[in-house]
Amino acid sequence: MQYDIFNGDADGIFALHQYRLVHPEPSAHLITGVKRDISLVSRVERVSDCILYVFDLSLATNLSALETVLQQNNTVHYFDHHFSGNIPVSPLLHTCIDPSAETCTSVIVNKAVKDKVNPWAICGAFGDNLHKLAQDMAKSIGLSKNQTFELHELGELFNYNGYGSTLADLHFHPADLYKAVSPYHNPFDFIHNAAQLEILRDGYKEDLELAMQQLEMQGSGQNRVYFFPDTTWARRVGGVFSNLKAQERKDCAHALITENSNRTLRVSVRAPLKNRTGADTLCKQFPTGGGRSAAAGINYLPTEMLDSFLSTFQSTFT
């Protein structure tokens, strides 16, 4: 039995899709969730003698569960671009992990399957806010400006769909989006035929209009901080909003702070695009924080730690 375990954002979906185009397995069990639901390997801790494929999930976060599944004679193929920590040594574990700031899991899988530059990998790169990398890849295979725009939009819409506190916040379950793209070898065929994209376009437009009405926090120095309320639209569009703001001002860092229903705060951090480092180091200093050097977050920041976070945020990106 095989399990496909993947992040519910654009990079996770398109990474898995590329792999399964080369190595199809229609009976594989799909395990995914909202973008920040990254401790997914724990859902298969009780299986044995299976083959697990993991995409776009931090190995460090899943280390305990990974060690458990390896002890139960499961073979694991792990593809990721987040901080990995100490990787277990086991003949059953096969890793393709590159935590570099200028890559993503879709690009790592593209290289691992020894494919030429795959347009699906470009979608994943756009979804992960790696615009220059995505544009360079598009040029390398001769895509037109309009084709590049279509891949950009697809990556951004799939990434937008992954954000939310729970699956109920999302327009589509990530597993359903994966199933929607899985029959398509060519992303342009999917783009021109998919009913899902119209729903995502409309939702994205409505949510982003509300987000753009939110003002920057005053006195945040050279960097920019925004606050969002505890609403469905805010949870859905927060990640895309942060990416757009980062592209708008590539010389400064960005923090988006959203109220959680349990009176804690959810924090999303983007390091300056001119120097994609420090976001993970910052967020790991606080409870439930993690991520990668270019983009990281804190799931449940106690409100009494907000001033400490803001001070550390500014000092980190001085």
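The values are calculated or read from the model by the stated rules, or taken from the named source; none is laboratory data. All values reported here derive from a predicted model rather than from experimental measurement. Reconstructed Cβ throughout: ideal geometry from the backbone, glycine too, with neighbour counts over all protein chains shown. Note: areas computed on protein heavy atoms with side chains; ligands, DNA, RNA excluded. Shrake-Rupley method; radii C 1.70, N 1.55, O 1.52, S 1.80 Å.
Return the percentage of antiparallel bridges among DSSP beta bridges fully within the chain, rounded to the nearest 5 %.
40 percent
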Note to self: No solvent, one uniform scatterer per C-alpha: report log10 I(q)/I(0) for region 200-318 via the Debye equation at q = 0.18, 0.21 1/Å, two decimals.
What the structure shows: -0.88, -1.20
Notebook entry, point to check: Taking the Cα centre of each part, how many Å lie between region 236-267 and region 48-84?
Noted result: 29 Å
Check: Antiparallel as a % of all DSSP beta bridges within region 164-286, to the nearest 5?
Finding: 60 percent
Item checked: Spatial extent of region 78-184: Rg and Dmax, with the Cα atoms as the point set, Å -> 15.2, 46
Next item on the list: On each of the three principal axes of the Cα atoms of region 15-73, give max minus min coordinate, whole Å, ordered largest first.
Entry: 30, 28, 15
Check: Under a no-solvent Debye model with one identical scatterer per Cα of the chain, what's log10 I(q)/I(0) at q = 0.06, 0.07, 0.12, 0.14 Å⁻¹?
Finding: -0.19, -0.26, -0.78, -1.08
Next item on the list: Treat region 152-198 as a sphere of radius equal to its Kirkwood radius over Cα pairs and apply Stokes-Einstein at 10 °C in a medium of 1.306 mPa s; give the translational diffusion coefficient in µm²/s, rounded to a whole number.
Entry: 142 µm²/s
Item checked: Relative packing of peptides 48-60, 194-206 - highest average C-beta neighbours within 10 Å first -> 48-60, 194-206
Notebook entry, point to check: Going by accessible area, probe 1.4 Å, with all protein chains left in place, what is the ranking of 37, 251, largest first?
Noted result: 251, 37
Margin query: Heavy atoms only, 1.4 Å probe, whole protein assembly: order 144, 84, 27 by accessible area, highest first.
Written below: 27, 144, 84
Next item on the list: Please tell me which of these pairs span more than 27 angstrom C-alpha to C-alpha: 179/205; 205/245; 114/179; 145/250; 145/245; 116/205?
Entry: 116/205
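Please give the calculated 222 nm ellipticity per residue for the chain, where each DSSP H segment of at least 4 residues contributes -39500 (n - 2.57) and the sum is spread over every residue; nearest 500 deg cm²/dmol? Working shown, then result.
Numbers: 12 runs with 129 residues, N = 318.
So the calculated ellipticity at 222 nm is -12000 deg cm²/dmol.
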Next item on the list: Hey, can you find the accessible area per residue of the chain for me, probe 1.4 Å, expressed in square angstrom?
Entry: 43 Å²
Check: Say we join alpha carbon atoms closer than 10 Å with springs in a Gaussian network model of the chain; which of 152, 81, 94 then has the biggest fluctuation?
Finding: 94
Check: lysines near residue 111 by alpha-carbon distance under 21 Å, same-chain residues fewer than 8 away left out - which ones?
Finding: 132, 139
Margin query: Rounded to the nearest angstrom and ordered from largest down, what semi-axes does the equivalent ellipsoid of region 12-165 get from its C-alpha gyration tensor (root of 5λ)?
Written below: 28, 15, 14
Check: Which three extents, in whole angstrom, do the alpha-carbon atoms of region 111-254 cover along their principal axes, largest first?
Finding: 48, 35, 27
Note to self: Leaving out ligands, DNA and RNA, and with a 1.4 Å probe, what % of the accessible surface on the chain is carbon or sulfur?
What the structure shows: 51 percent
Checklist line | Using θ = phi - 60° and Karplus 6.51 cos²θ - 1.76 cosθ + 1.60, couplings along region 48-64 (whole Hz; Gly, Pro as x) | finding: 9, 6, 10, 10, 10, 10, 10, 10, 6, 10, 4, 5, 4, 5, 9, 4, 4
Next item on the list: Mind checking the full-extension length gain between residue 231 and residue 60? Use 0.36 nm per residue of separation minus the Cα-Cα distance, one decimal, nm.
Entry: 58.5 nm
